[in-house]
Amino acid sequence: MANKMDFLAIDDHSYADLRGILDLAKAQKPLARNHELPHTYTNHVLACVFAKPSLRTRVSFEVAMRQLGGESLFITDKEIGMGTRENVYDVAQVMSRFADAIMIRWFDDNEVQELAKHASVPVINGLTDLTHPCQVMADILTIEEHLGTIEGKNVVMVGDGNNLANSWLNAAIRFPFNFILACPEGYTPDEGVMNKAEAAGASFMITHDPKEAIEGAHVIYGDAFYSMGQEEEAVKRRNDFAPFQINSELCAKADKDHIVLHCLPAHRGEEITDEVMDGPHSVVFDEAENRMHAQRAIIDTVLRKG
Ligand code: CP
Ligand code: NVA
């Protein structure tokens with residue numbers, strides 16, 4: 001159990017391991033597109049557990065596992081009732097007897113960490129309230145493809161200090177870029193995540209002025225004003241975040257060769273306009289496709305090391 005490799009947060013891993021995942025993703029991408037990937041993991045099963053809805057995460061993980069020759073299972077929280085029907089330890093024990101790896105989308109990050117601690121198979125974080133590491137790995141892959149490197153780039157997130165902002169802060173511990181978040185007051189990232197990034201010497205800045213933030217942006221990053229589980233706050237958040245819309249006027253202040261990313265799903269006309277989302281700087285669908293390539297490399301890596 002001690003030697004297995006989980007993928008729960010970006011900064012849990014060395015730069016060398018993260019580089020290896022990105023390079024593997026790049027090497028496998030053309031093979032996957034041509035249906036030429038070797039079936040390295042026949043007879044292997046990835047259990048995919050979801051407590052929240054998903055398009056990209058579910059489909060990209062399930063397809064990625066099939067591309068490697070394996071199988072995937074889709075399981076909802078209602079069925080396994082982790083923490084209610086059965087405790088996390090027992091779920092971890094039983095799942096480890098059936099599956100070769102577990103991917104989980106959950107609310108409480110601590111429960112995912114507990115699952116990983118007690119599971120003898122690798123556990124991959126497919127989004128929690130705290131982080132979304134697979135998304136940011138796919139985002140870095142997309143940035144490297146379009147801008148050549150992330151080194152020295154200004155990655156400017158406009159919006160909520162949420163799970164994506166936290167994962168960007170984690171990434172800034174390992175990758176040499178500048179992370180800038182423009183968020184309304186009261187919507188800053190997790191205190192512990194910010195403290196860790198600061199202690200590690202990561203380059204980041206939090207501001208409440210989107211116009212200041214966007215000056216010199218190489219990457220403009222968007223996400224919903226309210227995350228899954230925060231639907232009841234939608235009205236208040238729409239109001240609080242109104243000045244934080246990614247629109248053409250704001251983007252005009254960025255670097256002339258900037259790219260626009262959004263993890264999706266987008267609320268078009270709310271946090272991002274159609275004009276930007278469908279505009280010449282937008283690479284949001286390349287980014288979505290890269291979920292599959294980045295995650296296939298993560299699955300491949302944890303199964304090899306696990
Ligand atoms: N970006 C992302 O995780 O999308 P889904 O919620 O559709 O999986
Ligand atoms: N912050 C969003 C990301 C969705 C992919 C959420 O947690 O709902």
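The values are calculated or read from the model by the stated rules, or taken from the named source; none is laboratory data. Keep in mind it's a predicted model, so treat the numbers as computed, not measured. FYI the Cβ positions are ideal-geometry reconstructions off the backbone, even for glycines, and counts take in every protein chain you see. Side chains are part of the model used for accessible areas, which takes the heavy atoms of the whole protein and leaves out ligands, DNA and RNA. Shrake-Rupley method; radii C 1.70, N 1.55, O 1.52, S 1.80 Å.
Below are the figures for this structure:
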read-out	value
P(r), alpha carbons of the chain - 20 Å bins starting at zero, rounded %	35, 58, 7
Phe7 long-range amide H proximity, modeled H, under 5 Å	Val123, Ile124, Asn125
Candidates per trypsin sites (Lys or Arg not before Pro) in the range 39-129, loop by DSSP, up to 16 other Cβ within 10 Å	Arg85
Glu275-Thr84 pseudo-label distance in nm [points 7 Å out on the Cα-to-Cβ vector]	4.5
The chain - accessible surface per residue (Å², probe 1.4 Å)	42
Accessible heavy-atom area order of Arg19, Arg237, highest first, probe of 1.4 Å	Arg19, Arg237
Cβ charges +1 (Lys, Arg) and -1 (Asp, Glu), total dipole of the chain, debye	960
Distance between the range 226-271 and the range 1-58 - C-alpha centres, whole angstrom	28
Estimated FRET transfer efficiency when R0 is 25 angstrom, pair Glu212-Glu191 (beta carbons, to 0.05)	0.65
Computed accessible area, Leu55, all protein chains, 1.4 angstrom probe, square angstrom	100
Length added when fully stretched, Lys117-His267, from 0.36 nm per residue minus Cα-Cα	50.4 nm
Cα→Cβ-extended label distance, 7 Å offset, between Ala252 and Gln230, nm	2.9
Carbon and sulfur %, accessible surface of the range 199-306 computed with the full protein complex present, 1.4 Å	50
Order of exposure, largest accessible area first, which applies to Asp240, Asp109 with probe 1.4 Å	Asp240, Asp109
In the chain, lysine pairs with alpha-carbon atoms under 13 angstrom apart (chain gap of 8 or more, or interchain)	4
Accessible carbon and sulfur surface of the range 71-157 relative to its total accessible area, %, 1.4 Å	47
Extreme residue, positive dipole direction of the chain, given options Gln93, Ser282, Cys134 (C-beta unit charges)	Gln93
